[in-house]
Amino acid sequence: MRTFYDRFLIIRLTSLLRKCLFGKDINEYSIEYWKQFWTTYLEENKVFLFQTLDGHEPTGEVLGYFDNTLYEFLNDFYSKGYFKDTAIILFSDHGQHLNGPFYLLDSEDFNIERVLPTLFLILPNNNILYKDDKYEKIKSNQQIFITAFDIYNTLIHIVYGENNEKLEGKLISYGDSLLNELDYKNRYCNSSKIANLVSKCMCLNKK
C-alpha cells in the first residue's frame, strides 16, 4: 500500500500535491511564455497550445490553484484587446476518471463521467457565431454526443466563415460544425453519421 501511495498518488502525474517550481506553480511559467509569445508575434496569424496536468489527480483540489492564474491571464488578454481577433478553446481530453467510490465500484456514474470532457469556446464578437441568430441555433448542441471531427469542422468554420468556396474540400464529411444546429437523434455510438468512429468510441462496450 505504501508503494502505491508514493508512486501513484505522490510522485507521478496523478500527484495529490500542488505542482510547484522555485516557489511558483509550474503553469505560471507556461502562462508567462504564452504572453511573451503573443507579444512577439502580435501581428502574425498564430496558434498556441497550452496544456496543464493540475486536474489529473483524484481529489479535484489541486486544479483550484490554477483558477486565479487563468482568470488573471484571460482578463489581461481581454484588456489588451486581443480577444477582438482571437478564438480561445478550453477543453479536457476526458471527464473525471478518479471520482472516489464511483471509480472503485466501476459504477454507471463513473462510466458516464469519464467520457464527458469539458469544451468551452470564446470567440470574437465579429465572428459568424453572432450573426443570423447562430448563437440561439446552437444552444441545443451543448448536451449532445460530439467527436473530435466535429471540433475540427468547427475550427474550419470559424476561420473561413460562410464562404462556401473557401470551405470546399476542407470539411470532413463525417463531422459537423458546432456552429450549426445538429440533430441529436442521429448522434450516438452506432449512428450512421459517425459509423467510421464506432470502433474508437469509449462508450461502445459500456452498458
With respect to Ile88, determine if the residue is of a type in the set (Val, Ile, Thr), open to solvent by less than 70 Å² (accessible area, probe 1.4 Å) and within 22 Å of Thr147 (Cα to Cα). yes
Matching residues, region 120-139, being open to solvent by 60 Å² or more (accessible area, probe 1.4 Å) and either at pLDDT 80 or above or on the phi < 0 side of the Ramachandran plot (or both): Phe120, Leu121, Asn125, Asn126, Tyr130, Lys131, Tyr135, Glu136, Lys137, Lys139
Going by what's in this entry, would Leu42 be described as in contact (Cβ under 8 Å) with a residue 24 or more places away in the chain and either in contact with a Cys (Cβ under 8 Å, 6 or more places away or on another chain) or among the aliphatic types (A, V, I, L, M) (or both)? no
Consider region 56-65. How many of its residues are surrounded by 14 or more Cβ atoms within 10 Å (Cβ to Cβ) and either assigned to a loop (DSSP other than H, G, I, E, B) or touching a helix residue (DSSP H, G or I) at 6+ places or on another chain (Cβ under 8 Å) (or both)? 5
Do you know which residues across region 140-175 are in contact with a Leu (Cβ under 8 Å, 6 or more places away or on another chain), open to solvent by 40 Å² or more (accessible area, probe 1.4 Å) and of a type outside the set (Gly, Ala, Ser)? Ile146, Phe149, Ile151, Tyr160, Tyr174
Can Thr39 be described as modelled with pLDDT of 85 or more, in contact with a helix residue (DSSP H, G or I) (Cβ under 9 Å, 6 or more places away or on another chain) and either assigned to a helix (DSSP H, G or I) or farther than 23 Å from Leu121 by Cβ (or both)? no
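The values are calculated or read from the model by the stated rules, or taken from the named source; none is laboratory data. Just so we're clear, the structure is a prediction, and the values are computed from it rather than from any experiment. Quick reminder, even Gly has a Cβ in these numbers, built from the backbone with ideal geometry, and neighbours come from all protein chains shown. Ligands, DNA and RNA are stripped out before the accessible areas are found, and what is left, the full protein with its side chains, is counted by its heavy atoms. Shrake-Rupley method; radii C 1.70, N 1.55, O 1.52, S 1.80 Å.
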